[in-house]
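The next block holds one structure in the form of structure tokens; read it before the comments.
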Amino acid sequence: MRSRRVAAAFGGSALFALALVAMIATAATAARSTTNVCPNGSVNFGVEPYDAGAKFTAAYQSLTNTLSKSLNCPVNLIITDNYTDEIEAMRAGKIDVGEFGPLGYIFAHSVANAQPVAVFADKNGKPVTYTAALWVPVDSTIKTVADLKGHTVAFSDPGSTSGNLLPRYAMIQAGLNPDKDVKIEFAGGHPQSLLALVNGKVDAGEINSQQQATATAAHQFDASKFRMIWQSAPIQNDPITVRGNLSGAFKAAVTKALLKMTPSQLKLLDAELGVDSGPMVAAKDSFYNPIRAVVTAENHKNTNIG
């Protein structure tokens, strides 16, 4: 009798243990499915090639590594060949999270439903800005934007805010037709535009404040040998976005992960951006309305100039 009771008790304990193991496994699976909301178990993070070189890649690799730990899934860094490629990649579903320049974001928001979630901010929690500028050699006879008529000018990329949209609009405001009065040469990126000017390949070149800071630190640019003839108003920095057709849970997870990153985790990116920033802050689509206004104004003026 006693042996039967022991056997029965043992059998009951074994069943309980098996049930407990099953419950723990189910809970673990549920926890993983809750924490890993990444599409297909991983994330593709895209960025435009606004800079180049090992430091640029390392800065964004540090960001994706930190993001990977927070999201509990692999985050693959994709640096596209040009600005337009990143927009097309998000539209095709090949990029899940992407950092776009302001102009690139406007197009990505329109064609790929890119949703802004975070922007870099300063230590006071204010979104970081930068400026576009046109530079010439210090001894150049070019004194104003209007004087660029008949000269060659290096721009970075057709999809760039500071490397095309704003300096082009400055030419229009100065009474020039950028497509007829000036020979614009797209260098392929901000570093290339700066080097075209430094190496005497063009008469003028666009250099934004971020590129000026990184090139100066790398001893590639000496401002005393050049002169700024035009500078834009402050431009809202690049938003980090999430593709709009992904889940709300994924968007929330990415937003949370980005906003909790510390300044020490972002220091390599700070060097790329030329700022000493604080944590990221939430981004809003309305931040980029001034750029939309320039696009509209430029399109309107283009229809009225010869």
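The values are calculated or read from the model by the stated rules, or taken from the named source; none is laboratory data. Quick caveat: nothing in here was measured; it's all calculated off a predicted structure. Here the Cβ positions follow ideal geometry from the backbone for every residue, glycine too, while neighbour counts run over all protein chains shown. Surface accessibility is based on the protein's heavy atoms, side chains included, excluding ligands, DNA and RNA. Shrake-Rupley method; radii C 1.70, N 1.55, O 1.52, S 1.80 Å.
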The set of residues whose placed amide H lies less than 5 Å from the amide H of HIS151, leaving out same-chain residues fewer than 5 positions away, is LYS183
Within region 117-210, pairs of Lys residues whose Cα atoms are less than 26 angstrom apart, provided they are eight or more positions apart or on distinct chains, add up to 8
Inverse of <1/r> over all distinct C-alpha pairs of region 118-177, i.e. the Kirkwood Rh in Å, gives 13.5
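Leaving out ligands, DNA and RNA, what percent of the accessible area of region 154-306 is carbon and sulfur, probe 1.4 Å?
Values: 3560 of 6740 Å².
With neighbouring chains kept in place, the figure for region 154-306 is 53 percent.
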With x for Gly and Pro, the residue-by-residue ³J(HN,Hα) of region 49-60, computed from phi through the Karplus equation 6.51 cos²θ - 1.76 cosθ + 1.60 at θ = phi - 60° and given in whole Hz, is x, 6, 9, 8, x, 5, 5, 4, 4, 5, 5, 7
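Given region 101-259, report the % of alpha carbon pairs whose separation exceeds 28 Å.
Considering region 101-259, 29 percent of its Cα-Cα pairs are separated by more than 28 Å.
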For LYS180 and LYS69, extending 7 Å from Cα along the Cα-Cβ vector and measuring point to point gives, in nm, a value of 5.8
Sorted by chain and number, the residues with a modelled amide H under 5 Å from that of ILE78, at a separation of 5 or more or across chains, are PHE45, GLY46, VAL47
Across all Cα atoms of region 39-85, Rg and the largest Cα-Cα distance (Dmax), in Å, are 11.2, 30
Compactness check, region 198-243: C-alpha Rg relative to the 2.2 N^0.38 Å globular estimate gives 1.45
For the chain, Rg(Cα) over 2.2 N^0.38 Å is 1.33
For region 54-130, the percent of all C-alpha pairs falling in each 5 Å bin, from 0 up to the bin holding the max distance, is 3, 13, 20, 23, 24, 13, 3, 0
Expressed in Å to one decimal, the Kirkwood Rh of region 37-165 from all distinct alpha-carbon pairs is 16.8
Note: probe point = Cα of LYS123 + 7 Å toward Cβ; backbone nitrogen < 13 Å; residues of region 236-273 passing the test are 263-264
For region 99-138 the translational diffusion coefficient, Stokes-Einstein from a Kirkwood Rh over Cα pairs at 37 °C and viscosity 0.692 mPa s, in µm²/s, is roughly 261
Here the percent of antiparallel bridges among DSSP beta bridges lying wholly in the chain, to the nearest 5, is 60
Percent relative contact order for region 57-141, counting Cα pairs under 8 Å at least six residues apart, stands at 15
Computed over region 222-306, the convex hull of the Cα set has an average projected area, in nm², of 9.5
Share of accessible surface on carbon and sulfur in region 31-118, whole %, 1.4 Å probe and ligands ignored, is 49
Residue-normalised value, i.e. accessible area per residue, for region 118-240 at 1.4 Å probe, in Å², stands at 41
Rg from C-alpha atoms of region 209-272, normalised by the globular rule of thumb 2.2 N^0.38 Å, equals 1.63
